[in-house]
Amino acid sequence: MSNIIEVSNLTKSYKELTAVDDLSFEVYEGEILGLLGPNGSGKSTTINCILSLLNFSNGSIKIFGEEMKPDSYGIKEKIGVVFQEVSVFDELTVYENIDYFCGLYVKDKEKRKEYVEDAINLVGLMDFKKFYPKKLSGGLLRRLNIACGIAHKPKLIFLDEPTVAVDPQSRNNILDGIKKLRDEGATIVYTTHYMEEVEILCDRVIILDKGKVLAKGTCDELKELAKIEEKISVEVNKLDNKYVEEIKNLDNVADVSYNGNVLLIVYEKGKNNLSDIMGLLKKENIKYNKIYSERPTLNDVFLELTGKELRD
Ligand SMILES: Nc1ncnc2c1ncn2[C@@H]1O[C@H](COP(=O)(O)OP(=O)(O)O)[C@@H](O)[C@H]1O
Ligand SMILES: [Mg+2]
């Protein structure tokens, strides 16, 4: 697999603040790479440095094997960018907006028509072609913003938090569309602070905090970093406190709590946790309703690495 992007020792400061701190990573051809980090962790700054929109004090950026510079127009035309802030023309319709952005790269009229239709279909704006942006809901406007960024069928696509404040239907549409772009051959860099999104979307994830790489790998690899193995919740209407203490002393148990009819047991690495707890409930004749087990999430990993939650 070849590297489409190579970021080496990138450092970017705004006066005293180091927004990106000696960051190195690669993006492989054909993957969706997620940059996951809380607000202010340096995701947008990283993207803007990669695109040569910001200058930086240290480091180097290679795209398609070549050094990226502000005048690397040959590289830039193979890139599509969807910025965090929606940027479309209010005086142009949905169709005209997409046609305009596509026309910056695709001069052939017939080809452009086809590309614009493809983009409209990808984001599901078929019924809104003649609408002006002001008439679109927040979710549809985001979808238009995405269509404008990807209509020229770029090989490499950057999407900076494209689902913030959109309705669930638009979010699903956007995530499906991004997968489709990857399946059609694009390489994608996707930033978000929603761990659920990287779980369903990204082939690999880099967790960022304070401009540094905290961890990188597939979601499964990252979850291996969590010291906990699983969380088991048992709905119990009544539970004597002595059982909470007893469970605390079972093998592999890291933490136990009993709140609002839910007994939550956090297990360290180990096997047969569920059958252990079922055995105890049966032995003590404790009545329970639902019982379910959850694997650690990326938020658990982030919490262990930083002591704080992904979401502020
Ligand atoms: N133009 C700027 N001037 C000064 N500080 C900035 C500027 N842009 C971003 N920052 C700061 O740099 C840090 C990283 O910001 P940013 O890259 O926007 O993070 P993210 O995209 O992960 O939310 C934050 O502390 C932010 O306040
Ligand atoms: Mg940002």
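Among N97, N39, N237, which one shows the highest mean-square fluctuation when the chain is modelled as a Gaussian network with alpha-carbon springs under 10 Å?
Per the Cα network of the chain with a 10 Å cutoff, N237 tops the list.
Under a plain spin-label model, where a point goes 7 Å from the Cα along Cα-to-Cβ, how far apart in nm are S57 and L274?
Each label point is offset 7 Å from its Cα along the Cβ direction, giving 5.2 nm.
Roughly how many Å² is the accessible area per residue of the stretch 58-190, as a whole number, for a 1.4 Å probe?
On the way: 6780 Å² over 133 residues.
So the stretch 58-190 comes to 51 Å² accessible per residue, rounded to a whole number.
Can you spot the lysines whose alpha carbon is less than 20 Å from K109's alpha carbon? Ignore those fewer than 8 places along the same chain.
Correct list for K109: K78, K129, K130, K153.
Using a Förster radius of 22 Å, what is the FRET efficiency between F131 and K111 based on their Cβ-Cβ separation? Nearest 0.05, please. Before the final figure, lay out each step's value.
Details: r = 24 Å, r/R0 = 1.11.
E between F131 and K111, to the nearest 0.05, is 0.35.
Apply the Karplus parameterisation 6.51 cos²θ - 1.76 cosθ + 1.60, with θ equal to phi minus 60°, to every residue of the stretch 84-92 and state each ³J(HN,Hα) to the nearest whole Hz, in sequence, with x for glycine and proline.
Once rounded to whole Hz, the list reads 4, 8, 5, 9, 10, 8, 5, 8, 10.
Could you state how much accessible area S233 has, in square angstrom rounded to the nearest 10, with a 1.4 Å probe and all protein chains kept in place?
Around 10 Å² of this residue is reachable by solvent.
Is the C-alpha gyration tensor of the stretch 230-295 telling us rounded, prolate or oblate? Criteria: a/c under 1.5 is rounded; beyond that, a/b larger than b/c is prolate, otherwise oblate. Don't skip to the end; give the middle numbers.
Details: a/c = 1.42, a/b = 1.34, b/c = 1.07.
It is rounded, given that a/c, with a ≥ b ≥ c, falls under 1.5.
If a/c stays under 1.5 just call it rounded; otherwise compare a/b with b/c (prolate if a/b is bigger, oblate if not). Do that for the chain, with a ≥ b ≥ c from the square roots of the Cα gyration tensor eigenvalues.
Because a/c hits 1.5 or more and a/b exceeds b/c, the chain counts as prolate.
Hey, can you grab everything whose amide H is under 5 Å from the amide H of E230? Only 5+ residues off in sequence or another chain; H modelled, so Pro and N-termini drop out.
Y267
What pairs in K231/K308; K12/K180; K76/K107; K43/K212; K76/K212 have C-alpha atoms more than 21 Å from each other?
Result: K12/K180; K76/K212 exceed 21 Å.
If I compute solvent accessible area with a 1.4 Å probe over the protein chains, what percent of it on the chain is carbon and sulfur?
Working: 7660 of 16000 Å².
Its accessible area is 48 percent carbon and sulfur atoms.
Contact order normalised by length for the chain, with contacts defined as Cα pairs under 8 Å and 6 or more residues apart; what percent is it? Numbers along the way, then the final one.
Details: 579 pairs, mean separation 61.4, N = 312.
Computed value for the chain: 20 percent relative contact order.
So which of K179/K227; K62/K216; K216/K269 end up more than 26 Å apart by C-alpha? Provide the component values of the computation, followed by the final result.
Details: K179/K227 31 Å; K62/K216 20 Å; K216/K269 21 Å.
With Cα atoms farther than 26 Å apart: K179/K227.
For K282 and K227, what is the calculated FRET efficiency with R₀ set at 35 Å and r taken between the beta-carbons, to the nearest 0.05? Spell out each step's value before the answer.
On the way: r = 29 Å, r/R0 = 0.82.
FRET efficiency, K282 to K227: 0.75.
The values are calculated or read from the model by the stated rules, or taken from the named source; none is laboratory data. On a predicted model such as this, the values are computed, not experimentally measured, just so you know. Virtual Cβ from ideal backbone geometry, glycine too; neighbours counted across all protein chains shown. All accessible areas refer to the heavy atoms of the entire protein, side chains included, with ligands and DNA or RNA removed. Shrake-Rupley method; radii C 1.70, N 1.55, O 1.52, S 1.80 Å.
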